[in-house]
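Everything on this sheet refers to the single structure shown next.
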Amino acid sequence: MSEPSAETGVTVPMAAEPGRVQRRIGIGFWLSMSWIVLVVLAAVLAPWLPLKDPDANYIVTGTRPPYGPSWTHPFGTDQDARDLFSRVIFGARTSLIIGFVAISFGMIIGGGLGIIAGYYRKWVDRTISVVMLILLSFPALILAILITSLIDRGLFTISVTLGILAIAPVGRLARAATLSFAEREFVTAARSLGASNGRIIVRELLPNVVIPMAALALLGMAVAIVAEGGLAFLGLSIEKGFTWGKLILYGAGARDLERAPWISFAPILVLFITVLALNYAGDRIRDYFDVKEISL
Amino acid sequence: MNYLFQRLAMAVMLLLAVSALTFGGMNLLGDPLFNILGPVAADTSNPTSVAKIDAAKEKYYLDRPLPERYVRWLGDMVTGDFGVQFSSTGEPPVTNLLKERTPRTFQLLVLAQFMATAISIPWALIAAARVRRPTDRISTVTSFLLIALPNFALGIILKYLLGIKLGWFPLTYTASDPFFSRLHQLILPALTIALPAAAVYQRLLRTDLVTTLQEDFILMARSKGVPRRRVLVRHALRPSLFSFITVFGINTGALIGGSLIVETIFRVPGLGSAIVEAILREDFPVVLAIVMIATTTFVLVNIAVDLLYSVLDPRVRR
Amino acid sequence: MTPRRGGGRARGLIALMAVAGLTLSACGGGDAADEPADEPATQDTTADTEAPAEEPVTEETLVEETIAPEEDLDPVFGGTLRYAIEADVDGLNPTRNSISAPGYVILNAVFDNLFVYDENDVAVPFLAESGTPSDDFKDWTVKLREGVTFHDGTPLNADALLVNFSSLRSSALPALAINPFFPPLNADGTDPGIEKVDDLTVIYHLLDPQAYFPAYLTGQLGMVGSPTWLEAALVDPTLNQSPVGTGPFVFSGRSEDSVTTVVRNEDWWYGDVYLDAVEFMPVTDADLRVELMLNAEIDALHTTHFPSIDTLEAEGFKQVIDETGEESFGMINMAVPPFDDIRAREALALAAPIEQYQLLINEGLGTRANGRFVPSSPNHNADVVQVGDDIAAAQPLVAEYCAERGDETNPLLATTTCTDGKINMELQWAGPSVVQSRIADILEAAWSEAGFNVTRQEIPQDDHIAQVAVGAYNVVTWRQFGAPEPAVDNVWLLCRTIGAISLNWPRNCDEARDEVLLAAAASTDPAERASLYQEAEQMIADAYTYIFFNHTRWSNAFADNVYGICDRMLPDGAHARCYSGGAGDLSTVWMQ
């Protein structure tokens, strides 16, 4: 799934060849997951790792920052002689929190609405679908900057704003998945045994809907992280602290790009690999469980 | 016909909902009076300021209830009047700004879509012709990488390599330049939009081509001795274009969003950079106008794609 | 919702700035690098065309050097000069819009001023034929040159001046800067501030003795627009975008945020104009401006970014450099807690990381400021030193403040003034801007260590100025002062400019200081005047409302094929001061 597709809520079919579903999840998946785990661990443990202080200015007397990559500063330093390696890791904390909170919000609200719509159908479905459609018709980034500029630029606001953007794509997927399961034997069987609607949703449908959603969650997290970068680029990311997007922006001026490309490129590299890993892992999960028939 | 009517009714409803939400949100969360008058709005002790406040309230109907203001705005907008920009000094009509900026964004997006098409079709043909061979694998990886690369990162990379290091393209856009210079200035931003889009199109088209190539009529043509390349271009391409067309259309909406960032990076004064600035300044009439333009385009393109799709493919005709 | 009283943003209001003849400057900016910021006027300029810039220039190094050797070349007609300015302007009407440095660059081409500064910073008549004060310096008779017409054919006369003055007086914001010096309008709407004597003569009536009033007429107040156009613009404000003056260039077109074009005025009253046209292009990223210059995409630029000036010098571009203009500083609002208490202000100033700022933001290339005046100015007070870099001295003051007044309310943050012994404060700046964010990072780090809890607030420029004008701030980064004639800067300092909307942004009313400042404005004795300004410098420092970082260095740089920079000779035969606050005169410039 691609970023543009996530913006419109259209799932682009993956390259998997027709008639040839790979049944092995593949080494790529494990590599991707290892990277994700590594980044998450580094982010969580950052304060206890032997890292340089991300806010300290490591000025070498008599010289002018920025300094290029070296043993002391593997990623180099920024214009203020701050260690980019440790800034990228500390930046991961905020970026990942935003990605995680956003997609969790989208999953809970969007997933819930989608399952309800798919299970009850009729007017419930129609109402929810219309809400989704409205959300999808808003150009996503415009909605995001509108909300953040009208409310504030705190971590919470930004995460939830990006979460709102995730509602519609997640909701559509959950609805489609529910629709495809709602008429299966195990559901009809449960219903004939007198199970309540709530019980059927939680016991029978949810476990089946969760797998396609998990694939989407990884992709969605990537989209949210990228979207935060986009906001940062427009100067609308969080006010306090820094994210990958903000770090990239710090080095994106013409002169800094020319004399010290590492200021932007170090965080771009880490952001890119992370997004790539999330995308790839998400794709693999989807292919592995062969959920493509329920994508839209 | 009935279907078209339904789609149009739905579209109108959508636009109403989007405009009402934007209008309501901005007016409730923002402070229009302050945005119009600036500090004068807070200067309630000074009679001259109070006169200005009253005048602005009357002019912008700020003393009326919100629904009434919305209906007034809607009525004006439908007749093509987007109001005036919030400004204590200029108050130029929003349409002035739109007239100036829309063509630039339009040119940028057309150029980008053109580039994306021009890149993706040959790319998909090559990949499909060599399906599951190294060329195809490399192309799959490349498209995957391109899709994962955020547009601001791609923009910076292109700006660094092609603009700064190689110096092939100018770093700025100048509205007063002749058409072809401006086109030259638009290449980098257009490429930033086009590359990931091309990757998406390529993947779709390749998948469809591979499917088509397994169909009987292709096998028939091949068995009649039509050369492989000719089969690919003449016979397989056209029936494989359905999903390409759909996504091409729908993607236009997504590209409008992408143009916000790309216009900012490459300093193209189009609708994207205008709305960013307008949102920052809470220049509500401009924000509303651009949101409406973007949403309308998006909705109309989707309808057009649907119609085209049902015309092209009898199976989905309703 | 962040506590932003007042609410949203103000468009257009940069207006406050630069007002009227008082070329005011003010701006939320530090000097920075990539961003806009508006500025206004300034001071002396130094120039050296050909050669790389000289170091911080001072008032003495003036214009002689500008007459560079190249002048033996004969000027040729033709060419379009592309000039990159640091930001676009809201509007181009000197009586309705506030004009900042980039605005002056454009408007100087379209308008002529009644007075201009000569190379000794004395304001001398230009579009005016003469200016004569009354004995008490409260009334100034200004007589216009005969036979001048505006670009639209309207003749220049006393009535035109009346229309200009009334348009300015009724404007939303530029009026704020001139009203404090003129009597209020009469009940019948007539204006006691100006009086027509005959067809070419008016008298300005001032509230206070102003020995240097012509200095006001070198700025916005002295730019004369066509009355026909001004009256039409009152009805249709979109005309504010298409100015009509008497100047060397005629406005030809404007595409906001991209380019503003002016073309040669074939019958300029003051002589030949060489360039066919000038295109002004706003480029907010300072590094990009230099990059464009290196790529020959532009022919001229202005900048306050130290590293840019350094690069341009290394590359051998012609530069006119001026460091006598504005200062960059942190500014404190003393109207609300915690900074209504001098201990909190002093602690903030003591903890300010001024060395770090020089090293990182100015890349070691700037000059520290201790007050409003550069050391070479006679008004400079050598005893006044900007405190800073002393966190240890700041901490006890914070502790003392919190112990005594820590449970009061900071209305801006809606919290108590102190939490756990740390003072809660907001730091606001104009953005989005990478440099401004870096400045905030540096300030925040030092102030946190000293015991301040810093809440960051980055908002758009217009809004930022509006918030500061209504007093909705604790601490901001700012840039202003530096008019060649210091009296013009009194508007930022007097008690009478405090109100619901203040131009005395820190809201520091000091009657004794007012007396000193007004006395200096009325004094014709240079020695007395200098000692009065020095006294005022001490008073300003004692209040701890400004934390001076550095003197802004303005550079106007030109490509090699641009000649005739700073060549304007004045009617009395003196050389005109060439660049002021980043803006100069392009009438004598030519290209090969």
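The values are calculated or read from the model by the stated rules, or taken from the named source; none is laboratory data. Please read these numbers as outputs of a predicted model, since none were measured by experiment. When we count neighbours, we look across all protein chains shown, and the Cβ atoms used for this are built from the backbone with ideal geometry, even at glycine.
Segment A:210-296 holds helices (runs of 4 or more DSSP H) entirely within its bounds, and those carrying 1 or more residues that are within 11 Å of the chain's Cα centre (by Cα) and facing another protein chain (nearest Cβ under 7 Å) map to A:262-288.
Candidates are the residues of segment B:250-271 that are closer than 18 Å to residue A:138 by Cβ and more than 9 Å from every other protein chain (Cβ to nearest Cβ); the one that is modelled with the lowest pLDDT is B:252. Reported count of residues in segment C:107-123, each being in contact with a Leu (Cβ under 6 Å, 6 or more places away or on another chain) and β-branched (Val, Ile, Thr), is 0. A search for C-beta distances below 8 Å between a residue of segment B:246-270 that is assigned by TED's automatic domain parsing to the domain that holds residue B:105 and of a type in the set (Lys, Arg) and any residue that is assigned to a helix (DSSP H, G or I) and surrounded by 24 or more Cβ atoms within 10 Å (Cβ to Cβ), counting only pairs 6+ apart in sequence or on different chains, returns B:267/B:273.
For segment A:167-183, state whether one or more residues are farther than 23 Å from residue B:261 by Cα, of a type in the set (Ser, Thr, Tyr) and part of a helix (DSSP H, G or I). Among the residues of segment A:167-183, at least one is farther than 23 Å from residue B:261 by Cα, of a type in the set (Ser, Thr, Tyr) and part of a helix (DSSP H, G or I), which makes the answer yes. Annotation: of all residues in segment C:518-538 being closer than 20 Å to residue C:134 by Cα and not small (Gly, Ala, Ser), the one that is surrounded by the most Cβ atoms within 10 Å (Cβ to Cβ) is C:529.
Just to be sure before I move on: is residue B:75 more than 18 Å from residue C:237 (Cβ to Cβ) and in contact (Cβ under 8 Å) with a residue 12 or more places away in the chain in the structure I sent?
No: the conditions fail for residue B:75.
Screening residue B:27 against (1) of a type outside the set (D, E, K, R); (2) more than 29 Å from residue B:302 (Cβ to Cβ); (3) within 14 Å of chain C (Cβ to nearest Cβ) leaves a single unmet condition, (2). Within segment B:35-44, the presence of at least one residue that is more than 24 Å from residue A:138 (Cα to Cα), of a type in the set (Val, Ile, Thr) and not in a helix (DSSP H, G or I) is confirmed.
Just one of (1) among the small types (Gly, Ala, Ser); (2) closer than 30 Å to residue C:381 by Cα; (3) outside the structural domain of residue C:345 (by TED's automatic domain parsing) fails for residue C:557. It is (2). Scanning segment B:89-139 for residues that are under 30 Å from residue C:233 (Cα atoms), part of a helix (DSSP H, G or I) and among the hydroxyl-bearing types (Ser, Thr, Tyr) yields B:95, B:102. Just a yes or no: is a residue in segment B:73-87 over 26 Å from the mean Cα position of the chain (by Cα), under 30 Å from residue B:185 (Cβ atoms) and either at pLDDT below 90 or within 14 Å of another protein chain (Cβ to nearest Cβ) (or both)? Within segment B:73-87 (the criterion being over 26 Å from the mean Cα position of the chain (by Cα), under 30 Å from residue B:185 (Cβ atoms) and either at pLDDT below 90 or within 14 Å of another protein chain (Cβ to nearest Cβ) (or both)), the answer is yes, since at least one residue qualifies. On inspection, residue B:143 does not qualify as small (Gly, Ala, Ser) and either surrounded by fewer than 21 Cβ atoms within 10 Å (Cβ to Cβ) or over 24 Å from the mean Cα position of the chain (by Cα) (or both). Comparison of B:97, B:15, B:111 shows that the only residue that is farther than 29 Å from residue C:237 by Cα and within 11 Å of another protein chain (Cβ to nearest Cβ) is B:15. Among the conditions (1) under 30 Å from residue C:282 (Cβ atoms); (2) of a type in the set (Lys, Arg); (3) touching a helix residue (DSSP H, G or I) at 6+ places or on another chain (Cβ under 9 Å), the only one that residue C:513 does not satisfy is (1).
Does residue C:503 fit the bill of being modelled with pLDDT under 95, within 14 Å of another protein chain (Cβ to nearest Cβ), crowded, with 22+ Cβ neighbours inside 10 Å and not in a helix (DSSP H, G or I)? Against the criterion (modelled with pLDDT under 95, within 14 Å of another protein chain (Cβ to nearest Cβ), crowded, with 22+ Cβ neighbours inside 10 Å and not in a helix (DSSP H, G or I)), residue C:503 qualifies.
Can you tell me which residues in segment C:86-106 are touching a helix residue (DSSP H, G or I) at 6+ places or on another chain (Cβ under 8 Å) and either outside any loop (DSSP other than H, G, I, E, B) or of a type in the set (Lys, Arg) (or both)?
C:96
Do we have residue B:201 as among the aromatic types (Phe, Trp, Tyr) and buried (at least 21 other Cβ atoms within 10 Å of the Cβ) here? Against the criterion (among the aromatic types (Phe, Trp, Tyr) and buried (at least 21 other Cβ atoms within 10 Å of the Cβ)), residue B:201 qualifies.
Within segment C:279-323, the set of residues being under 23 Å from the mean Cα position of the chain (by Cα) and among the hydroxyl-bearing types (Ser, Thr, Tyr) comprises C:284, C:303, C:304, C:308.
Quick one: which helices (runs of 4 or more DSSP H) sit completely within segment A:1-109 and have at least 3 residues that are touching a helix residue (DSSP H, G or I) at 6+ places or on another chain (Cβ under 6 Å) and at pLDDT 90 or above?
Hits in segment A:1-109: A:27-45, A:84-106.
Checking the condition crowded, with 17+ Cβ neighbours inside 10 Å, of a type in the set (Ser, Thr, Tyr), more than 14 Å from chain C (Cβ to nearest Cβ) and over 27 Å from residue A:143 (Cβ atoms), which residue from B:246, B:207, B:174 passes? Residue meeting the stated conditions: B:207.
Among residues of segment C:294-318 that are within 13 Å of residue C:84 (Cβ to Cβ) and within 12 Å of another protein chain (Cβ to nearest Cβ), those with a Cβ under 7 angstrom from a residue that is in a loop (DSSP other than H, G, I, E, B) and of a type in the set (S, T, N, Q), sequence gap 6+ or separate chain, pair up as C:297/B:172.
Give the residues of segment A:118-133 that are surrounded by fewer than 17 Cβ atoms within 10 Å (Cβ to Cβ) and more than 14 Å from every other protein chain (Cβ to nearest Cβ), sorted by residue number. Scanning segment A:118-133 gives A:120, A:121, A:122, A:123, A:124. Considering C:353, C:378, C:338, the condition of being more than 30 Å from residue C:563 (Cα to Cα) and within 14 Å of chain A (Cβ to nearest Cβ) is satisfied by C:353 alone. Residues B:220, B:292: which one is modelled with pLDDT of 80 or more and touching a helix residue (DSSP H, G or I) at 6+ places or on another chain (Cβ under 8 Å)? Going through B:220, B:292 in turn, the sole match is B:292.
Of all the numbered requirements in (1) modelled with pLDDT of 80 or more; (2) assigned to a helix (DSSP H, G or I); (3) more than 30 Å from residue C:258 (Cα to Cα); (4) more than 21 Å from the chain's Cα centre (by Cα), residue B:62 misses one, and that requirement is (2).
All of C:204, C:270 fail the test of being in a loop (DSSP other than H, G, I, E, B) and either of a type in the set (Phe, Trp, Tyr) or within 14 Å of chain B (Cβ to nearest Cβ) (or both), apart from C:270.
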